[in-house]
Structure formats: C-alpha cells, structure tokens
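Just below is one structure, and these are the notes that go with it.
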Ligand code: AHR
C-alpha cells in the first residue's frame with residue numbers, strides 16, 4: 001500500500017507546551033505505596049522513594065505530574081498529609097475503599113517531584129471541601145512566611161514556599177460516583193469562587209476547571225458550556241478525560257480510537273469558543289487533557305481485592321503491543337491539536353494503568369506503552385507542522401472510515417531537524433511512504449525507531465521485561481533532496497528523525 005505526506009516548515013500548527021507530556025500519580029492502589037514510595041525496598045532512598053522508579057520517571061522526562069487525584073481528591077484532607085509523619089491520621093479512602101496511612105503526603109510529593117525532575121499539578125478537593133480549604137492550602141504551599149499556614153509549613157522544615165503554579169479545581173465533578181458530585185451549575189459556581197480566592201492570592205496561578213469525565217456522559221457538552229459560563233474569567237484551562245479500550249477484540253476499530261479523541265477535542269474547543277463568543281471575550285480557554293490512556297481490562301471495585309488495605313493492587317492493566325500502537329496514535333492526536341491542548345497527563349504513571357510497573361520488594365519495568373510516550377516526550381517538543389497525508393481508508397464500527405496512515409511531524413527551529421511520528425494501522429500490509437519536506441535544508445535520516453511484534457497481545461513482565469521494545473530500523477527510510485521515502489511495517493509505530 002502507498003501513503004503520502006506533505007510538510008512545510010512554514011505551515012505550522014503550534015509550538016508544543018512541554019506539559020503535553022505530563023502524567024498523573026493518584027493515591028490509588030499501588031501508585032504511591034509500592035510504586036513511587038516503598039520504604040525498606042532495596043532500591044529505596046532514605047526518604048522511601050524507589051530509585052529504580054525514579055530512574056524510569058526521569059527517563060520519560062515528564063514535565064508535570066498531577067496529584068493527589070483523581071477520585072481520591074474529592075475526600076482528601078490536605079492537612080492530614082503534611083507535618084510529622086508519626087502524627088498523621090490513618091483515614092478510610094472511600095473513593096477506592098482503601099486505607100490511607102498518609103505516610104506519603106503533600107510534603108513528600110513535593111520532595112519527590114524534585115527528585116524526579118518534574119513539577120506539580122495540584123488538585124484541590126471540591127467534593128467534601130471548598131473555598132476555605134483551597135485558600136489555606138495555597139497559603140501553606142506558596143506563601144513565603146509570616147502567616148498561620150506558611151509558618152506551619154516552615155515548622156514542618158520547609159523554609160521556602162513550594163511555588164506551585166498549576167492547580168486543578170476538583171476532579172470529574174459531573175460523575176455521580178464522585179464524592180460530592182454536583183450539577184454543572186453548582187460546580188461552575190463553586191469552581192469560580194475557588195478560582196477567585198486562588199487568583200486573589202496570586203493572579204499568575206494557572207487554573208484548570210473540570211470538564212466532563214468523558215464524552216459519553218449524558219451531560220456532555222452542556223456541562224462544559226454551563227461550567228464555563230460561570231467561571232470563564234477566573235480559569236485558564238478546561239479538562240478532558242478519556243480512556244480507550246478494545247472491549248470487543250476488534251483491532252481495526254481499536255486502532256481508530258484516536259479519531260474519537262480528535263472528535264472529542266474538537267467538540268470541546270467548539271464549546272469553549274461558543275462561550276467565548278457568548279461572553280464577547282478576548283480570552284481563549286485552552287485544554288488540559290489531564291487523564292488519557294488505554295484502560296479497559298480492570299474494573300473497580302474488584303471482588304478479588306479486599307477493602308480497607310494500604311496499597312491494594314487496584315486497576316493494574318498489563319499493556320499489550322496493540323495498546324502501545326494506540327497510545328502512539330493518541331500521542332499523534334494530542335500533538336496535532338497542540339494549538340489548543342497545552343497540558344496532557346498520561347493516566348497514570350506507576351502501577352495503576354501505567355507505563356511503569358513494579359513488584360513490591362521486587363523489580364520495576366517498562367510496559368509496552370512506555371515506549372511511544374518516551375519517544376514523543378523526547379522527540380516531540382518543538383513546532384508541530386501541519387501534515388497533509390493520504391492513504392487508503394478502512395471502515396470501523398465506531399469511528400467511521402479511518403486512514404491506515406496516522407502521522408504528525410514536529411520540527412526543531414533550533415537544530416533545523418524534524419521528527420516524523422507514524423503508525424501504520426494495516427494488519428497485513430506494509431505502507432510505502434513517500435513524503436515531501438518543504439522548507440528544510442539538507443536533511444538526512446539520523447534514526448528510524450520502529451516498534452513491531454508478531455503477536456499483538458505480547459506484553460512485558462517482570463520475567464520478560466524486554467519482550468516488546470523498539471529497535472533501530474536500518475535502510476527503511478531515506479531522504480533525497482526534499483523527498484523522504486520510508487517503509488512502515490504492518491502494525492508498526494515509527495519515529496523517523498531527520499537532521500541537517
Ligand atoms: O485514573 C483513574 C480514575 O479515573 C481517576 O481517579 C478518575 O478521575 C477517573 O475516573
């Protein structure tokens with residue numbers, strides 16, 4: 001099969017915001033306890049942070065990590081999670097029916113973000129709590145000293161303020177499962193008031209208001225419109241959440257789900273701009289896709305897992321090679337929408353529907369989905385170009401006709417190079433790609449990373465951590481002048497890096 005693409009360095013979508021490659025740690029299952037934090041583990045440092053996990057997080061170069069939830073945040077008392085560990089209360093976490101010892105809390109998370117080379121995106125509780133807790137929390141975190149909450153932080157040994165810039169106003173408040181679930185009107189008003197106090201404290205804070213839990217919610221997209229009508233002037237981003245899956249074991253359809261993500265983004269952009277027009281506003285609300293991934297194997301509650309335990313093995317999906325292809329396609333979609341999607345968080349980071357897995361007391365390893373995320377984070381920062389591509393289409397159950405070729409290109413204005421990310425969705429045919437590279441000088445192929453596998457259900461595990469991983473393809477991509485040719489294997493993820 002043949003595929004074509006055209007790029008020109010002058011035809012640009014946007015500069016990427018680094019935060020497009022963010023992730024998420026929730027107090028859920030073994031994300032924290034047994035994941036990033038396991039005192040006594042042979043690889044743990046004096047603070048209990050697993051260094052093997054820190055190495056993998058640093059490898060992914062995740063610029064921002066959302067914390068502490070998720071559903072967990074809607075019952076979270078932030079005061080429980082700071083100060084002397086021995087004085088912290090053990091609480092029942094009703095969202096995940098677990099026992100929360102609070103031995104890892106906000107103070108530890110902030111230390112962990114430094115060790116991991118990342119920055120926080122802190123969610124506030126708008127379920128059981130509200131404006132009062134939000135204003136106290138921001139004072140604890142960000143005020144230098146000389147006030148009640150900032151002095152308390154200093155008494156906990158944290159002299160300098162944390163300086164947390166990015167805040168989420170609650171989580172999935174449209175969902176009936178959420179503790180303190182609200183109507184759009186109730187949530188919009190509360191989010192607006194919470195946003196006001198955060199901005200009174202510091203107008204430079206960036207605030208994310210909660211959109212729908214997914215685009216199948218009966219209240220989508222009226223939820224977004226109502227919430228924004230209440231809070232437009234006080235907030236900066238609107239959140240989107242979506243998880244994709246291969247429930248019917250229909251691979252063609254599953255590979256098309258990035259089309260669903262694209263449609264979702266476009267609908268939310270339209271809704272934001274509708275409210276902008278209605279308000280005669282000059283301000284544009286951008287998007288924070290702060291929960292996205294493949295997630296369909298595990299469910300909650302899981303009858304096999306006992307409630308009220310610390311760090312139960314909840315929603316630990318083992319990812320297959322086909323999941324990695326889909327994650328690659330979803331990353332391509334996020335990049336293509338980089339003009340409006342400024343923040344995105346792969347949900348989640350460790351053990352819980354995550355690219356990094358651990359065993360308690362044992363090793364840490366990379367799941368299949370680790371690799372496309374790594375590649376996009378490493379080579380996908382720069383100027384996203386407007387790729388025009390052509391390839392045959394195939395029909396899908398849910399997403400209409402989908403092209404076999406899914407591709408995006410990101411240029412570096414600094415080096416004059418360009419990276420092409422491409423998925424061949426065909427299950428049996430190679431795709432012979434022919435591209436035109438306008439506006440670049442003397443490009444050569446530096447590297448062609450390729451991920452394929454004879455078994456779409458192949459996985460990585462503690463005993464076989466390298467079953468699915470990328471290789472460097474040789475001789476499959478070449479440049480002659482402004483012409484690129486490349487062979488994309490059936491069912492493959494490809495990163496073709498070009499530089500002068
Ligand atoms: O990421 C797991 C859960 O999915 C989050 O807690 C919640 O926000 C979403 O429904």
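No lab work stands behind these numbers, since they all come straight from the coordinates. All figures in this text were calculated on a predicted structure; none of them were measured in a lab. All Cβ positions, glycine included, derive from the backbone under ideal geometry; neighbour counts span all protein chains shown.
Quickly rank 142-154, 13-25 as a protection proxy: mean count of other C-beta atoms within 10 Å, highest first.
Most protected by this proxy first, the peptides run 13-25, 142-154.
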>> Please report the projected area of the stretch 17-381's Cα convex hull averaged over all directions, in nm².
In response: 17.0 nm²
> What is the stretch 367-450's relative contact order, in percent, from Cα pairs under 8 angstrom and six or more apart in sequence?
Replying inline: 21 percent
> Can you list, bin by bin at 10 Å, the percent of alpha carbon pairs in the stretch 1-154, starting at 0?
Replying inline: 10, 34, 32, 13, 7, 4, 1
> Given R₀ = 25 Å, FRET efficiency for residue 283-residue 148 by Cβ-Cβ distance, to 0.05?
Replying inline: 0.15
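Using mean Cβ contacts within 10 Å as the protection proxy, how do 59-65, 157-163, 372-378 order, highest first? Intermediate values should be presented prior to the final figure.
Details: 59-65: 20.9, 157-163: 13.7, 372-378: 22.7.
By packing density, highest mean first, the sequence is 372-378, 59-65, 157-163.
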> Modelled label-to-label distance, residue 86 and residue 115, 7 Å Cα→beta-carbon offset: nm?
Replying inline: 2.1 nm
> Which distance in Å, rounded to a whole number, links the C-alpha centroids of the stretch 158-199 and the stretch 87-115?
Replying inline: 19 Å
> If you average the sequence gap of Cα pairs under 8 Å that are 6 or more apart and divide by the length of the chain, what percent do you get for the contact order?
Replying inline: 20 percent
>> Just want the ordering: 482, 290, from fewest to most Cβ atoms lying within 10 Å of their own Cβ.
In response: 482, 290
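Suppose a student asked you for the relative contact order of the stretch 1-145, using Cα pairs under 8 Å spaced at least 6 residues apart; what percent would you report?
Relative contact order here is 22 percent.
Express in nm, to one decimal, how much length is gained between residue 276 and residue 205 on full extension, taking 0.36 nm for each residue of separation and deducting their alpha carbon distance.
Gain on stretching residue 276 to residue 205: 23.5 nm.
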> What FRET efficiency would be calculated for the residue pair residue 18, residue 306, taking the C-beta separation as r and a Förster radius of 35 Å, to the nearest 0.05?
Replying inline: 0.30
>> What FRET efficiency comes out for residue 393 versus residue 189 if R0 is 51 angstrom and r is the Cβ-Cβ distance? Round to the nearest 0.05.
In response: 0.65
> Which percent, to the nearest 5, of DSSP beta bridges fully inside the chain are antiparallel?
Replying inline: 60 percent
>> For the ranges 1-11, 462-472, 236-246, 392-402, what's the packing order if you count other beta-carbon atoms within 10 Å of each residue, average per peptide, and put the highest first?
In response: 236-246, 1-11, 392-402, 462-472
>> For the chain, take the longest principal axis of its alpha carbons; what is the angle in degrees between that and the long axis of helix 257-278, to the nearest 10 within 0 to 90?
In response: 60 degrees
> For the stretch 336-495, what is the convex hull volume of the alpha-carbon atoms per residue, in Å³?
Replying inline: 152 Å³
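Extension gain residue 248-residue 229, at 0.36 nm per residue separation less the Cα-Cα distance, in nm?
Contour length minus the Cα-Cα distance gives 3.0 nm.
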> Among 185, 80, 406, which comes first, second and so on when ranked by fewest other beta-carbon atoms within 10 Å?
Replying inline: 185, 80, 406
>> Quick check: the angle from helix 131-142's long axis to the longest principal axis of the chain, C-alpha only, nearest 10 degrees?
In response: 70 degrees
> Relative to the longest principal Cα axis of the chain, at what angle does helix 370-379 sit, 0 to 90 degrees, rounded to 10?
Replying inline: 80 degrees
